[in-house]
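Below is one structure, written out as structure tokens, with a few remarks after it.
What follows is calculated from the coordinates using simple rules that are stated; it is not laboratory data. Since this is a predicted model, take the numbers as computed values, not measurements. Quick reminder, even Gly has a Cβ in these numbers, built from the backbone with ideal geometry, and neighbours come from all protein chains shown.
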Amino acid sequence: MAAVLSYESLVHAVAGAVGSVTAMTVFFPLDTARLRLQGVVNVLLTTPLWVVNTRLKLQGAKFRNEDIVPTNYKGIIDAFHQIIRDEGILALWNGTFPSLLLVFNPAIQFMFYEGLKRQLLKKRVQLSSLDVFLIGAVAKAIATTVTYPMQTVQSILRFGRHRLNPENRTLGSLRNVLYLLHQRVKRFGIMGLYKGLEAKLLQTVLTAALMFLVYEKLTAATFTIMGLKRARKH
């Protein structure tokens, strides 16, 4: 026991801690880049599936906009075949640019959640379950509202059957995103960018609020168990 608590052991412990902190500080930007890269890779891999999914969902729907061309797919394989044949393989990645921007949605959500949480903790010792639920709901509502115009454009681009820029069928560039945003505002006003926001909020806000509540409860339970274990050791 004395050997474990010796000065030499203390020196090794402090040196290890300093080394760990230094390594984490130096390589933290790489870890952040890794997480962002994972989000980008996920978007690039799943966008073709989302494009086909969106078109199959909207197939048979009646649109007031005459610029939208109706689709006639027999299934997933046929949808992939027709899209590649008629629009080119890059059409499967329509909406990639706004999808990449939407990677920041969770970052905005957690930023507001932590900020609101810190403000409340200045006034009280511990947050109640209702506090956590409401903070999570507000944070997700803000993130969804801020990024919703991009989600609107993303859906339009994924559907793809739009007579926009026929000489350039890849509808994912920044120019086309800005064009669609401008046309949306011009035709429907600024609120045209937020059509369907109510349904989206109901879908995401309650889910996120419940997620934060479960997260905080599990975290508190984990720390409690660890505290009991430490108490037993002493």
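Take each peptide in 111-117, 49-55, count the other Cβ atoms within 10 Å of every residue, and average; sorted highest first, the result is 49-55, 111-117. Take the Cα of Ala221, go 7 Å toward its beta carbon, and the backbone nitrogen atoms of region 106-140 under 18 Å from that spot belong to 127-130, 132-133. Computed extension gain for Lys122 through Leu202, at 0.36 nm per residue and net of the alpha carbon distance, reaches 25.8 nm. Computed from the Cβ-Cβ distance with R0 of 25 Å, the FRET efficiency linking Gln59 to Arg187 stands at 0.60. The Cβ shell under 11 Å around Val52 holds other residues with a net charge of +2, Lys and Arg each +1, Asp and Glu each -1. The protection proxy used here, the mean number of other Cβ atoms lying within 10 Å of each residue, ranks peptides 210-217, 181-188, 120-127 as follows, highest first: 210-217, 181-188, 120-127.
Per-residue counts of other Cβ atoms within 10 Å, averaged by peptide: what ranking do you get for 201-208, 73-80, 146-153, highest first?
146-153, 201-208, 73-80
Extending 7 Å from the Cα toward the beta-carbon at both Leu130 and Val103 defines two label points whose distance is 4.0 nm.
Here r is the Cβ-Cβ distance between Tyr73 and Ser155 and R0 is 22 Å; the resulting FRET efficiency, rounded to 0.05, is 0.80.
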